[in-house]
Amino acid sequence: MASYNFLSKVHLIVITILIIITLLTPFTTNTSPQPWNILSRNDFTGKLTTASSSVESAAIDFGHVTKIFPSAVLNPSSVEDITDLIKLSYDSQSSFPLAARGHGHSHRGQASAKDGVVVNMRSMVNRDRGIKVSRTGLYVDVDAAWLWIEVLNKTLELGLTPVSWTDYLYLTVGGTLSNGGISGQTFRYGPQITNVLEMDVITGKGEIATCSKDMNSDLFFAVLGGLGQFGILTRARIKLEVAPKRAKWLRFLYIDFSEFTRDQERLISKTDGVDFLEGSVMVDHGPPDNWRSTYYPPSDHLRIASMVKRHRVIYCLEVVKYYDETSQHTVNEEMEELSESLNYVRGFMYEKDVTYMEFLNRVRTGELNLKSKGQWDVPHPWLNLFVPKSQISKFDDGVFKGIILRNNITTGPVLVYPMNRNKWNDQMSAAIPEEDVFYAVGLLRSAGFDNWEAYDQENMEILKFCDDGNMGVIQYLPYHSSQEGWVRHFGPGWGIFVERKYKYDPKMILSPGQNIFQ
């Protein structure tokens, strides 16, 4: 029981009882190797397919490091199709696993359903409906299968916008809300999950429920950041604000990590400061392919490369201030004052002035460039972490200046930026560190099909460094190979996570690819 020592006695008792119930309950969980035999007897004509092309596509995700085959793929045209499928599994003596798949941007098979059914949520997108904007209520109702870029385009037509984003907008609403949804706005507006007002959810029993913080609140908090374990999200109501017109976008280069983090932490403590803040790391690995060279003028590429070569590891701080016609006369003065207060290397400040849409959709240009070179559909052995503020200098020494520099294999952005814990909600399922400020670290690497294992091994080395140092690091977009890993991941929240699983998905039907419940 050593691995459970940190849990409360109450949760220990609850978990023990639930395990005993599991052993004594006479139903079989996820044991049917071929749900097709059951499904073929029900009316999913034209919507359920076992075609090899569909099954193959559902077996692969953006990560390209796993291939997990379902038995079939459901292309629903309505919420009722999904409800009927879940009920069929739940009511069957031998239930079969189900997983909702949006844009397939998971990186470790999290949206897979081995020998079960993958639900292709994007098949429900209807261009004539699915996004309804309320100007008076300042919210948008969105079918969960829609992409955030589609939501943005629709809300901007009315001069409105959600306030919390991910860096990449071609992700489904349901997908990011199942995890958290973070980027450089999180320190100010919170993750995407804290900007949800209401949802429609289909539980693992096939029951449809509308939920909010005031109605079916336990389900509401369970699903947000719940990794798909408690229900399939079909609609979300997202908070909106008046959209700005433009973005003043500044980048500053640092050689001193303590000054880099001190400036970041000071900026996120201000309530009326910048609207976006992210940091990144540049490591000396030969050609500068691990930092976004298009962000800097070509005339400075050699100068920046020389700095990286000289210091081996340098850092970039990106800040953005939104503005419109009412603030355009003061934004330059504000950003000038901000620049003067920072401890970056003088002479290495870069500025852009772009539209609000251009800024939010900035990753798209890089995506299209990589696709044109055949470098998009490649393995992405990503590792995303939350590192407590008290441990970030140790992480810099041991990982950025240690493991990554020594192994000399990193290609792709390496992000490191802080966020405020008080912008999150502990009632939700997402696991975060206990400290008031913690850092998001993203090792967003691209690899070849012949060498991605080296990156994976480096990820394991980094995780071991954090574990051995008792650093309190938690994975974001997590993957754990054992339930013991998940117990450590959720910490004191593991007990309530298990309770909610038995409450909303007692047959363990949903999202088996997360590998949480065996």
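The values are calculated or read from the model by the stated rules, or taken from the named source; none is laboratory data. Remember, it's a predicted structure, so these values are computed and weren't measured experimentally. When we count neighbours, we look across all protein chains shown, and the Cβ atoms used for this are built from the backbone with ideal geometry, even at glycine. Please note that ligands, DNA and RNA were not included when accessible areas were found on the heavy atoms of the full protein model with its side chains. Shrake-Rupley method; radii C 1.70, N 1.55, O 1.52, S 1.80 Å.
Taking the longest Cα principal axis of the chain as reference, the axis of helix 331-341 is set at about 80 degrees. Could you tell me whether the chain comes out rounded, prolate or oblate from its Cα gyration tensor? Rule is a ≥ b ≥ c as square roots of the eigenvalues, rounded for a/c under 1.5, then prolate if a/b exceeds b/c, otherwise oblate. Prolate, since a/c reaches 1.5 and a/b exceeds b/c.
How far is the Cα center of segment 156-203 from the Cα center of segment 332-392, in Å? Each part reduced to its Cα centre gives a spacing of 19 Å.
The base-10 log of I(q)/I(0) for segment 350-392, evaluated at q = 0.14, 0.18, 0.23, 0.31 Å⁻¹, reads -0.63, -0.82, -0.86, -1.03 [Debye formula, identical scatterers on Cα atoms, solvent excluded]. Sequence-distant contacts, meaning Cα pairs under 8 Å at least 6 residues apart, place the relative contact order of the chain at 19 percent. Structural size metrics of segment 216-270, computed from C-alpha coordinates, are Rg and Dmax of 19.2, 50 Å.
In the chain, carbon and sulfur make up what percent of the accessible area (probe 1.4 Å)?
51
Here the Karplus curve 6.51 cos²θ - 1.76 cosθ + 1.60, taken at θ = phi - 60°, turns the phi angles of segment 483-494 into couplings of 5, 4, x, 5, 4, 5, 4, 7, x, x, x, 5 Hz, with x standing for Gly and Pro.
Ranking Leu385, Leu370, Ala431 by Cα position along the charge dipole of segment 355-433, where only Lys, Arg, Asp and Glu carry charges on their C-beta atoms, puts Leu385 farthest toward the positive end. The long axis of helix 9-24 is offset from the longest Cα principal axis of the chain by roughly 40 degrees. Rounded to the nearest 500, the 222 nm mean residue ellipticity of the chain from helices alone is -8500 deg cm²/dmol, with -39,500 (n - 2.57) taken per DSSP H run of at least 4 residues.
Roughly what % of DSSP beta bridges within the chain run antiparallel, to the nearest 5? Each step should come with its number before you reach the end.
Numbers: 66 of 75 bridges.
Of the beta bridges lying entirely in the chain, close to 90 percent run antiparallel.
When each of the peptides 49-55, 175-181, 144-150, 203-209 is scored by how many other beta carbons lie within 10 Å of its residues on average, the order from highest to lowest is 175-181, 144-150, 203-209, 49-55. Once C-alpha pairs closer than 8 Å and six or more residues apart are averaged by separation and normalised to the residue number of segment 159-212, the relative contact order reads 27 percent. Annotation: amide H-H contacts under 5 Å for Arg235 (H modelled 1.01 Å from N, sequence separation of 5 or more, or interchain): Ala144, Asp200.
Rounded to the nearest whole Hz, the Karplus-based 3J(HN,Hα) values (6.51 cos²θ - 1.76 cosθ + 1.60, θ = phi - 60°) of segment 453-461 follow the sequence 4, 5, 5, 4, 5, 5, 4, 5, 5, with x at glycine and proline.
Across segment 273-400, the relative contact order, built from alpha-carbon pairs under 8 Å that are at least six residues apart, equals 27 percent. Under a model in which nothing but the beta-carbon of Lys, Arg (+1) and Asp, Glu (-1) is charged, segment 81-240 shows a dipole of about 340 debye around its Cα centre. Remark: C-alpha extents of segment 58-130 on the principal axes read 39, 33, 14 Å, sorted largest to smallest. Sequence-ordered 3J(HN,Hα) estimates for segment 374-382 from the Karplus curve with 6.51, -1.76 and 1.60 and θ = phi - 60° stand at x, 10, 9, 8, 10, x, 10, x, 6 Hz, glycine and proline given as x. Relative to the longest principal axis of the Cα atoms of the chain, the long axis of helix 363-372 makes an angle of roughly 80 degrees.
The listed peptides 328-336, 101-109, ordered by packing as a protection proxy, come out as 101-109, 328-336 (highest mean of other Cβ atoms within 10 Å first).
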